[in-house]
Amino acid sequence: MKKYYIKPDFLGWAFIFNRPWERIFFTSVIALTLVMYQVVEAEWHQFHGDATNMGSAELGPGVSYFSTPRFVVGDSLIAGSSLCVMNGRIFVYGITKNESGDVVGKIEAFDEETGNSLWTTPIARPLFDSWSSPSADTISNSVYIGSADGLYRIDANTGNITWKSKLPTGAFVDGSPTINVDNSLVYMNTYGSFAASTYLCAFKISNGDVLWSNFLWGQGQGAPAYDADRGRVYFPVNVNHTWTSPGKIAAFDAVTGDEIWVSANTHSCACFGSATYDSKTGTVMAGGWGGSMLIVNADDGSFVVEASVVSGGDYTPAIGNTYVYVTGAGGTQAINPATGVTVWHRTEPGEFTNAVCYAANDGTGRDVVYDGGGGLYMLDADDGTILATYGSTLAGTPALANGNVYFIQRVPGKITDGRLVALGPLLAVEAVELAYFDAQGEIGEIIVNWMTEVEINISKWLIARAEKEEGEYVEIANIPAKGSSATYTYLDKDVISGTQYYYKLGEIEYEWGTVDTIWYGPVTAIARSPRERPKVLELSQNFPNPFFASTTIDYVLPRSTKVKLWIYDIAGRCVRKLVDEKKESGCYKVKWDRMDSQGKPVASGLYIYKLETEHFSKARKMLILKQKL
């Protein structure tokens with residue numbers, strides 16, 4: 001059997017083979033490649049996708065928005081890098097100069113509505129610029145990016161570096177981070193050479209410590225895929241410990257890093273592509289330069305289908321409603337994931353990128369694909385027909401957000417002098433997306449709680465109260481904003497039992513030097529007396545809601561009756577029977593620990609709890625969140 005081993009020449013990237021001619025050939029190729037990159041950096045085209053930034057969206061811009069961009073901003077942005085959008089900000093990787101005049105990397109944040117630069121944070125420059133891309137997370141309100149000296153966590157509001165991780169010896173970060181908010185982890189592929197120096201690492205979001213690190217053979221340069229349903233991470237691996245050997249897909253436990261399965265089937269040369277998890281079908285897919293894409297069952301890695309990909313590439317599959325879309329050196333394809341058959345194939349005019357993005361609706365009800373090869377192309381998702389184009393130079397990997405498509409358009413001949421382009425309708429980016437606001441009466445107090453999905457430029461929250469819906473509201477509390485998606489609770493103990501109170505929630509918003517207050521509500525509740533005999537049957541909103549581990553449900557019975565209090569998932573299946581017996585009149589509290597009838601924790605998401613008696617039936621919704629950071 002032929003043996004391969006590594007010698008630390010040419011920045012650690014030289015191959016040594018058994019035969020002398022192999023040694024000379026491969027060493028020369030790598031050395032020449034590095035010299036070419038250093039002299040003509042524009043001609044190094046290794047573009048790496050990110051499953052967390054690309055993929056599918058509900059809405060994308062239509063044909064009319066391709067004539068004139070909303071803005072073209074920035075400089076020295078990397079055209080081969082992916083970008084990400086979160087909370088009204090666009091995060092892009094580029095290069096800049098530090099105080100000493102040295103060229104370094106940078107993360108720059110732009111306002112999604114105006115295109116204004118909000119902040120720039122210098123970081124270490126990766127060995128290959130187009131291999132590093134940011135990812136963002138609303139729970140931690142942070143941006144994550146890998147570079148030559150580690151993985152960075154950067155505050156999305158200020159640009160301050162929260163932490164920088166350490167890497168395995170001889171490795172640098174490659175691709176884009178994949179974020180697991182369930183377990184407060186970031187997964188990152190690290191890369192050391194063209195041979196066998198790939199690590200898959202899990203970093204703690206709190207401090208950047210490495211929780212686990214798995215040494216993988218081959219050259220994985222894409223992003224791992226996280227499966228919240230099964231608590232797993234998927235990543236391509238190579239069979240014979242070299243980047244040119246056939247590839248497989250491996251599954252690892254998301255928390256421990258233990259190997260769960262490695263697919264029995266292989267596909268050609270998996271070294272460059274990202275893994276993608278399709279939650280609709282329960283499958284995992286990955287591919288690379290060898291010209292094929294492997295799709296396996298997420299449960300056990302069993303074979304589903306192998307699809308032919310023309311010329312391959314560093315692609316990340318984008319999952320549509322019907323087909324899977326990939327792009328690479330041979331063009332863009334739509335593939336039937338059940339059969340592996342290519343539905344349509346369009347050859348790129350000139351250059352290529354590694355990922356496309358899919359929108360279920362372009363504003364006319366048509367599903368479309370946005371492709372960045374040789375400019376930005378808008379394609380009919382069903383047949384590949386070109387619907388609109390913008391520009392003629394490499395547009396970089398596009399990303400969809402809020403009905404817009406964003407991409408980095410490069411200057412001809414260079415990938416390090418790109419500019420950020422926005423196509424789509426002018427959006428008024430909401431400073432706050434309020435997911436929930438409610439009040440519920442308890443004995444001697446009223447509980448006010450609310451949840452936000454987005455918080456931008458919010459200083460604090462106000463709570464105002466009145467005894468009549470149209471009466472005068474008096475401010476009773478102000479609570480500092482948390483600056484990201486969050487849950488809040490306020491206990492109003494200054495109440496009189498039996499009195500109905502109305503509450504409004506105000507957000508203090510800072511915008512361009514002015515201070516605005518936006519009010520929500522009112523919501524209402526009545527504080528109960530401990531001696532009060534119930535007069536009507538009631539089912540209160542659970543508290544807390546949303547919740548992580550447990551919640552309490554209150555109900556009131558005015559008379560003795562048979563009671564059922566069951567919990568259902570959104571498909572209508574009963575997951576837990578909390579109460580199923582006769583009860584006397586009175587006030588009751590029932591705690592649910594998130595366990596189903598088999599004693600297993602249910603998944604995060606929306607659930608229904610329903611109270612039924614002989615003459616009464618009422619249901620309410622509740623939301624289980626993923627594990628809080």
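The values are calculated or read from the model by the stated rules, or taken from the named source; none is laboratory data. Just so you know, these numbers come straight off a predicted model, no measurement behind them. Here the Cβ positions follow ideal geometry from the backbone for every residue, glycine too, while neighbour counts run over all protein chains shown. Note: areas computed on protein heavy atoms with side chains; ligands, DNA, RNA excluded. Shrake-Rupley method; radii C 1.70, N 1.55, O 1.52, S 1.80 Å.
The table that follows gives values for the structure above.
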quantity: A381, sole failed condition from (1) modelled with pLDDT under 85; (2) over 23 Å from F71 (Cα atoms); calculated: (1)
quantity: One residue from E467, E433, E445 being open to solvent by 50 Å² or more (accessible area, probe 1.4 Å), of a type in the set (D, E) and at pLDDT 85 or above; calculated: E467
quantity: Selection within the stretch 294-331 - touching an Asp or Glu at 6+ places or on another chain (Cβ under 9 Å), modelled with pLDDT of 85 or more and either open to solvent by less than 10 Å² (accessible area, probe 1.4 Å) or part of a loop (DSSP other than H, G, I, E, B) (or both); calculated: L294, I295, A298, G320, N321, T322, Y323, V324, Y325
quantity: Flag if G375 is open to solvent by 10 Å² or more (accessible area, probe 1.4 Å) and either touching a Ser or Thr at 6+ places or on another chain (Cβ under 8 Å) or modelled with pLDDT under 85 (or both); calculated: no
quantity: All positions within the stretch 333-368 that are in a strand (DSSP E or B), modelled with pLDDT under 90 and open to solvent by less than 60 Å² (accessible area, probe 1.4 Å); calculated: Q333, R346, A355, V356, C357, Y358, A359
quantity: Test: residue in the stretch 164-171 that is buried (at least 20 other Cβ atoms within 10 Å of the Cβ), at pLDDT below 75 and under 21 Å from A401 (Cα atoms); calculated: no
quantity: Filtered residues of the stretch 541-564 (kept if open to solvent by 20 Å² or more (accessible area, probe 1.4 Å) and among the hydroxyl-bearing types (S, T, Y)); calculated: S550, T552, S560
quantity: Given (1) touching a Lys or Arg at 6+ places or on another chain (Cβ under 6 Å); (2) at pLDDT 80 or above, index of the condition R232 fails; calculated: (1)
quantity: Conditions (1) surrounded by fewer than 22 Cβ atoms within 10 Å (Cβ to Cβ); (2) at pLDDT below 85; (3) in contact with a Leu (Cβ under 8 Å, 6 or more places away or on another chain): number failed by T389; calculated: (2)
quantity: Hits in the stretch 586-597 - residues which are in a loop (DSSP other than H, G, I, E, B) and surrounded by fewer than 15 Cβ atoms within 10 Å (Cβ to Cβ); calculated: D593, S597
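One line per residue, one yes/no per condition, for (1) of a type in the set (F, W, Y); (2) part of a strand (DSSP E or B); (3) touching a Lys or Arg at 6+ places or on another chain (Cβ under 8 Å):
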position	(1), (2), (3)
P522	no, yes, yes
N545	no, no, no
I553	no, yes, yes
K562	no, yes, yes
G599	no, no, no
Y609	yes, yes, yes
